[in-house]
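Participant: Pasting a structure below so you can have a look.
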Amino acid sequence: MVEDILLGDEFLRQLMSVGEVDLLVAIPSYNNAGTIGQTVQAIEESYQQNFIRDRVVILNVDGGSTDHTPDVVSAMDGRKAVGYRGLTSLRTVHRVTTQYAKSPSQGMALRTILATADLLRARSCAIVSPTTTNLDASWIANLLRPAYRQNFEFVAPLYTRDRYHGLLARNLLYPMNRAVFGQRIREVFSEEWGFSGRLASECLSQNVWNDEAVRARPEAWMAVTAICSDFKCCQSFLGPKVPPASGSALDIVEVIRQTVGSLFRCLETHQEHWLNRSGSQPVPTFGPDHELTSDGKPANQEKVFGLFRTGVTELDPILGSILTPDTHARIKDIAALDQEKFRFSHELWVKTLYEFAASYHHAVINRDHVIQALVPLYRGSMYSFFLEHANSSPEEIEADSESLCLEFERQKSYLVDRWKAKG
Amino acid sequence: MALHDENLWYKDAVVYQLHVRTFCDSDGNGIGDFRGLTNKLDYLQELGINAVWLLPFYPSPLRDDGYDIADYTSVNPTYGSVEDFKTFLTAAHDRHIRVIIEMVMNHTSDQHPWFQEARSSRDNPKRDWYVWSETDTRYHGVRIIFLDTEMSNWAWDPISKSYYWHRFFNHQPDLNFDNPAVREAMWEVMKFWLDIGVDGFRLDAVPYLVERDGTSCENLPETHAVIRDLRKRLDVAYPGKMLLAEANQWPADVRAYFGDGDEFHMAFHFPLMPRMFMAVKLEDRKPIIEILGQTPQIPDNCQWCIFLRNHDELTLEMVTDVERDYMYDSFANDKAMRINLGIRRRLAPMMENDRRRIELLNGLLLSMPGTPIIYYGDEIGMGDNVYLGDRNGVRTPMQWNGGWNAGFSSADPERLYSPLISNPVYGYQAINVDSQRRSEHSLLSWTKSVIQTRNSFRVFSRGSIEFLNPTNHRVLAYVRQLGEEKVLVVNNLSSSAQAVELNLQSYKGHIPIEMFGRNLFPRIGDLPYLLTLGPYQFYWFRLRRI
């Protein structure tokens, strides 16, 4: 049994005491002693406000914190989290903690969470991040309810993001994921999401946990697994996504390695599902009326463009082995443009990405090098976005995003052709 | 335990609550009476209870099941005579069973001669024995208790053309306890019954005795003064007699009725009762722990009275709105099961006739601090009839056997004061005393056994309680202690088997001895004490250091 290996005796003793639950909210952590308290409080408040009668548990899975993060969770006084109109949960709000490893691993954290959900027979689960400082009780409810009340199996979050935040998701991850797998789920790579106990058991049973892409970004793998296994998916609006404080964010190279690497890996593992599909379908969306884009401050544009140009020059041989000669030449052409006249067209951006995906598939060079070579080109697309949308309204930005998605869908046959062609 | 040798007898009592009308009919008129009850005292002795609480048996128009008294110093002729009562009382005392009777002080029936005089003219000397007003706006904002039937706490009297105050039904005018004559009259009534030999009074509706403008008219200092005066007189003239308060309030508010040990001897713990049901339904000890955590200490000579069911609806006044909704959804899906702010059902049907849950709840009742009250018929798992109106569905005739009228009466069935329970599950052919007497594994036999065990250890009635807090919240565990006598109680509130580890470090070296089978369990050592419990199972362990 997977869980026999995964879960320690002390943790199992805690689970024995908890017993079967209806709802489970998990917080993967690593040195989050400063913020995890408010996360736990938001979850408790949500339980008190929205799930008064239900059997609930808060699970902290820790990756070896040295700042006593689990102790903060254990020591919190649940009675402070008195809910709406002073109501309190009829049942005990259980809180359990476990250290799954001595160093953090998102894959191990998720596997521990899934094993716990499976053992406790949780009907609806959510995972939230202790670094999301504006998380509140409504977020938890919005993540849990679709699986608990409406029989959905996977609940992706929806956020309002400022126009310059989440560009990787806007320009690459969402449109490509949508075009390939056929469902319009906007945030596949996220720190918060919900899922059913059934999906948890299904994912736990799969022998993928040593796969590097799964270990790095398991949420995307779980989302794609749900989509490709015909689990009912939906989106739930949570609120504004606040960018992480400067200094705590991962380097863009690492982010792309994890996210795009994971996406390309999912293309590999689920090719039976997507190769013969076209177009995309909307998924049900829950939550209040919302806007997805708000205003914000741009990043350092000069530096972004400079890194694009340098990358195209320095990685010329590698790009030559990944891209078709035509695409490679067109990229070199736009890199030579004046900064003000620079544009990375949707058509070229999509073709570039699909060629990268196919080259990753055919492993024309080391796959990690394929992913890393994408970084400067992504910076080019970012810079193009900055120039095009410096004065755009949120509606115009959304319309442009939709046209990019449609371009991904329009060119999908090109990806299929490249994918099927011998490397 | 011999009578009269122990003024704190009420602390050690196991009380059996019954209505004379419901128990046994000796003269074949379809209504229970004192002679019938006297004939059944051997049964009560056999059951192991040592006190009986009788519902009102006074002459009454019976528009509120006798709580509308028309004569305080007589017996309703339907139930017998004062002489019959005396005979019953003597027979009960002979069996070491004490008798607690009802005293409805707050109000009378509108048929009581006092009220008839009071309403006859505004100059009548009895006029000031009740609370009158020219308008129905005085004491504005005071809550209405019987929401289903009453629109106001004032009722118009067409005879004297003014309004009279009533906290309950409009045919139950409140007495005016600001009037010294009323207080004297009520003391005279109590003396009448004390002189006959009753052992205590359950005082009905005590929070409402006195009214004051600008207040809730509940729990007022003036009300406490009335009680203190009565208690003082009682202690001087009748030591060893007991006063029990019916005050359906939060524990902190009820606490005041114990005073400094100079008001009531006992008071009902109303909020605990629904939470015992809730805890079992939720499979979580939280409701019980929370309410007992909010329960203040009481003077040494005082005691809480605890119960599962009684003659009224299972009151849900002392729960939050959310808890009330949960209770309704869990135990009263059918609207006919609801009345006022409560549920008119008996124990066994509420537990869906699940013997394990019935036993668990009785186990909680008999092992938690307080004097337990068992409602007649619950010891055999009697059912109810929620379609009989008011709370009559839980006041049906006692089921003695499977024969004519369940052995309750020789009258024609049509003449019975109430239809018998006759459905296939709870009907008298299936559920009755005689058939359960024949089986040592019946609910009745089990109830006798558990009462006997409780009665054998004074720690249950007088001991302290220390809650253990195992991480398994489906398990409620506590240690009762009185001197060297220690009992460990472990209850599995859930419908599935549970393992629990108890921190019994303070009792290291003790041997737990299971109290029903007297089996030895492993000695308590350094490690957490591991127990496994089946669904709804509970253990009582005597802890002995040998």
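Participant: Does anything in segment B:472-486 have its amide N under 20 Å from the 7 Å Cα→Cβ label point of A:SER74, and if so which residues?
Facilitator: B:472-474, by backbone N distance to the label point.
Participant: Over chain A, what is the percentage of antiparallel beta bridges among all DSSP beta bridges, to the nearest 5? It would help to have the intermediate numbers written out before the result.
Facilitator: Working: 6 of 36 bridges.
Of those bridges, close to 15 percent are antiparallel.
Participant: Sequence gap at least 6, Cα distance under 8 Å: using those rules, report the relative contact order of chain B to the nearest whole percent.
Facilitator: Numbers: 1133 pairs, mean separation 67.1, N = 546.
Contact order relative to length: 12 percent.
Participant: For segment B:388-446, what Kirkwood radius comes out of the mean inverse Cα-Cα distance, in Å?
Facilitator: On the way: mean 1/r = 0.0831 Å⁻¹.
The Cα-based Kirkwood calculation yields 12.0 Å.
Participant: For A:SER236, list long-range residues whose amide hydrogen, built 1.01 Å from N in the peptide plane, is under 5 Å from its own amide hydrogen.
Facilitator: Counting only residues 5 or more places away or on other chains, the set is A:ALA156, A:LEU158, A:PHE286.
Participant: When the helix-only estimate is applied to chain A (DSSP H runs of n ≥ 4, each -39,500 (n - 2.57), divided by the residue count), what is the mean residue ellipticity at 222 nm, nearest 500 deg cm²/dmol?
Facilitator: On the way: 19 runs with 216 residues, N = 423.
Helices in chain A give a 222 nm mean residue ellipticity of -15500 deg cm²/dmol.
Participant: How far apart, in nm, are the 7 Å Cα→Cβ label points at B:SER449 and B:ARG95?
Facilitator: About 2.3 nm, to one decimal.
Participant: Taking chain A as a Gaussian network, Cα atoms linked when under 10 Å apart, which of A:GLY279, A:GLY239, A:GLY63 shows the biggest mean-square fluctuation?
Facilitator: A:GLY279
Participant: Using r as the Cβ-Cβ distance of B:LYS86 and B:TRP250, and R0 as 45 Å, what FRET efficiency do you calculate, to the nearest 0.05? It would help to have the intermediate numbers written out before the result.
Facilitator: Numbers: r = 39 Å, r/R0 = 0.88.
Once rounded, the FRET efficiency stands at 0.70.
Participant: Have a look at A:MET382, A:MET76, A:MET176 and tell me which one the Gaussian network model of chain A (Cα, springs below 10 Å) gives the largest fluctuation.
Facilitator: Of A:MET382, A:MET76, A:MET176, the most mobile in the Gaussian network model is A:MET76.
Participant: Rounding to the nearest 10 and keeping the result within 0 to 90°, find how far the Cα-based axis of helix B:272-282 lies from the longest principal axis of chain B.
Facilitator: For helix B:272-282, the angle is close to 50 degrees.
Participant: Here's a follow-up. Using the basic label-point model (7 angstrom from Cα toward the beta carbon), what is the A:GLU347 to A:PHE286 distance in nanometres?
Facilitator: So the label points at A:GLU347 and A:PHE286 sit 4.3 nm apart.
Participant: Right, something else. Quick one: length gained pulling B:ALA185 to B:ASP229 fully straight, 0.36 nm per residue minus the C-alpha distance? Walk me through the numbers on the way to the answer.
Facilitator: Details: separation 44, 0.36 × 44 = 15.84 nm, distance 1.32 nm.
Gain on stretching B:ALA185 to B:ASP229: 14.5 nm.
Participant: Beyond 26 Å, how much of the Cα-Cα pair distribution for segment A:2-294 remains, as a whole percent?
Facilitator: Details: 17051 of 42778 pairs.
Roughly 40 percent, rounded to a whole number.
Participant: Residue by residue through segment A:356-366, which ³J(HN,Hα) values in whole Hz follow from phi under the Karplus form 6.51 cos²θ - 1.76 cosθ + 1.60 (θ = phi - 60°), with glycine and proline marked x?
Facilitator: Listing the rounded values in order: 4, 4, 5, 5, 4, 4, 7, 6, 5, 9, 3 Hz.
Participant: Starting from the Kirkwood radius over alpha-carbon pairs of segment B:284-408, derive D by Stokes-Einstein at 10 °C in a medium of 1.306 mPa s and give it in µm² s⁻¹.
Facilitator: Answer from the Stokes-Einstein relation: 99 µm²/s.
Participant: Further, regarding this structure: Starting from the Kirkwood radius over alpha-carbon pairs of segment A:36-150, derive D by Stokes-Einstein at 20 °C in a medium of 1.002 mPa s and give it in µm² s⁻¹.
Facilitator: Working: Rh = 14.6 Å.
Translational diffusion coefficient: 147 µm²/s.
Participant: Explain nothing, just compute: Karplus ³J(HN,Hα) = 6.51 cos²θ - 1.76 cosθ + 1.60, θ = phi - 60°, for every residue of segment A:207-217 in order, whole Hz, x for Gly and Pro.
Facilitator: Working through the residues one at a time gives 8, 10, 6, 9, 5, 4, 5, 5, 5, 7, 10 Hz.
Participant: In peptide B:283-295, what is the residue-averaged number of other protein chain Cβ atoms found within 10 Å of each Cβ?
Facilitator: Per-residue shielding by partner chains comes out at 2.
Participant: Quick one: Karplus J couplings for segment B:159-166, per residue in order, coefficients 6.51, -1.76, 1.60, θ = phi - 60°, nearest Hz, x for Gly and Pro?
Facilitator: 7, 9, 6, 7, 8, 10, 8, 8
Participant: Follow-up question, since we're still on this one. Scattering from the C-alpha atoms of segment B:427-479 alone, worked out with Debye: what is log10 I(q)/I(0) at q = 0.18, 0.22 1/Å?
Facilitator: -0.77, -0.84
Participant: Another question, if that's okay. Evaluate E = 1/(1 + (r/R0)^6) for B:GLU117 and B:GLN294, where r is the Cβ-Cβ distance and R0 equals 41 Å; express this FRET efficiency to the nearest 0.05.
Facilitator: On the way: r = 45 Å, r/R0 = 1.10.
About 0.35, to the nearest 0.05.
Participant: List every residue whose amide H lies under 5 Å from the amide H of B:LYS486, counting only residues 5 or more places away in sequence or on a different chain, with H placed 1.01 Å from N in the peptide plane.
Facilitator: B:LEU543
Participant: How many angstrom lie between the C-alpha centres of segment A:383-397 and segment A:113-174?
Facilitator: Their Cα centres are 28 Å away from one another.
Participant: Let me ask something else. Please compute the Kirkwood hydrodynamic radius over chain B, one decimal place, Å, based on all pairs of different Cα atoms. Present the calculation step by step, with values, prior to reporting the outcome.
Facilitator: Details: mean 1/r = 0.0411 Å⁻¹.
Answer for chain B: a Kirkwood hydrodynamic radius of 24.3 Å.
Participant: Next question, about the same structure. How big is the antiparallel share of DSSP beta bridges in the protein assembly as shown, given as a percent to the nearest 5?
Facilitator: Details: 46 of 104 bridges.
Counting DSSP beta bridges with both partners in the protein assembly as shown, the antiparallel share is about 45 percent.
Participant: One quarter of the convex hull surface, Cα atoms only: what value does that give for segment B:17-115 in nm²? It would help to have the intermediate numbers written out before the result.
Facilitator: Numbers: hull surface 24.5 nm².
Answer in nm², one decimal: 6.1.
Participant: Could you rank the peptides B:530-539, A:165-174, B:35-44 by their average count of other C-beta atoms within 10 Å per residue, with the highest value first?
Facilitator: On the way: B:530-539: 17.1, A:165-174: 21.2, B:35-44: 18.9.
Ranking, from highest mean packing down: A:165-174, B:35-44, B:530-539.
Participant: For the protein assembly as shown, state the average projected area of the convex hull of the C-alpha atoms over all orientations, rounded to one decimal in nm².
Facilitator: Values: hull surface 189.8 nm².
Mean orientational projected area (the protein assembly as shown, Cα hull): 47.4 nm².
Participant: Once the Cα atoms of helix B:82-94 and of chain B are each reduced to a long axis, what angle between those two axes, in degrees from 0 to 90 to the nearest 10, is obtained?
Facilitator: So the inclination is approximately 20 degrees.
Participant: Now for a different question. If you stretched the chain out fully between A:ASP316 and A:ASN207, how much longer would it get, using 0.36 nm times the residue separation minus the C-alpha to C-alpha distance?
Facilitator: Working: separation 109, 0.36 × 109 = 39.24 nm, distance 3.80 nm.
Stretched fully, the A:ASP316-A:ASN207 segment lengthens by 35.4 nm.
Participant: Find the Cα radius of gyration of segment A:304-420, compare it with 2.2 N^0.38 Å by division, and give the number to two decimals.
Facilitator: Working: Rg = 14.3 Å, N = 117, 2.2 N^0.38 = 13.4 Å.
Ratio of Rg to 2.2 N^0.38 Å for segment A:304-420: 1.06.
Participant: What is the diffusion coefficient of segment B:113-165 in µm²/s, taking the Kirkwood radius over Cα pairs and the Stokes-Einstein relation at 4 °C with a viscosity of 1.567 mPa s?
Facilitator: Working: Rh = 11.8 Å.
Value of D from the Cα-based Kirkwood radius: 110 µm²/s.
Participant: Around A:PHE344, which amide H atoms from residues at least 5 apart in sequence, or from another chain, sit under 5 Å from its own amide H, with H modelled in the peptide plane?
Facilitator: Those lying under 5 Å, H to H, from A:PHE344 are A:SER384.
Participant: Rounded to the nearest 0.05, what FRET efficiency do B:GLU352 and A:ARG121 have when you use their Cβ-Cβ distance and R0 = 30 Å? Show your work: numbers first, answer last.
Facilitator: Details: r = 23 Å, r/R0 = 0.78.
For B:GLU352 and A:ARG121, the calculated efficiency is 0.80.
Participant: To test your reading of the geometry: what angle, between 0 and 90 degrees and rounded to tens, separates the Cα axis of helix B:221-237 from the longest principal axis of chain B?
Facilitator: 80
Participant: What does segment A:331-374 give for Rg and for Dmax, in Å, if only its C-alpha atoms count?
Facilitator: Radius of gyration, then largest Cα-Cα span, for segment A:331-374: 12.5, 36 Å.
Participant: Rg/Rh for segment B:463-544: what does it come to with C-alpha atoms and Rh from Kirkwood?
Facilitator: Working: Rg = 11.8 Å, Rh = 12.7 Å.
With Rg and the Kirkwood Rh in hand, the quotient comes to 0.93.
Participant: Another question, if that's okay. Rounded to the nearest Å, what's the spacing between the alpha carbon centres of segment B:1-57 and segment A:276-328? Just the number, please.
Facilitator: 86
Participant: What per residue convex hull volume, in Å³, comes out for segment B:207-278 when only alpha-carbon positions are used? Spell out each step's value before the answer.
Facilitator: On the way: hull volume 6.6 nm³, N = 72.
Output value, Cα hull per residue: 92 Å³.
Participant: Only Lys, Arg, Asp and Glu count, each charged at its Cβ (+1, +1, -1, -1), so figure out the dipole size of the protein assembly as shown about its Cα centre, rounded to 20 debye. Provide the component values of the computation, followed by the final result.
Facilitator: Values: 101 positive and 123 negative charges, 399 e Å.
Dipole about the Cα centre, nearest 20: 1920 debye.
Where a number appears in this text, it was derived from the coordinates with a stated rule and is not lab data. Owing to the predicted nature of the structure, the values given are computational and were not obtained by experimental measurement. Here the Cβ is made from the backbone with ideal geometry for all residues, glycine too, and neighbour counts use every protein chain on show.
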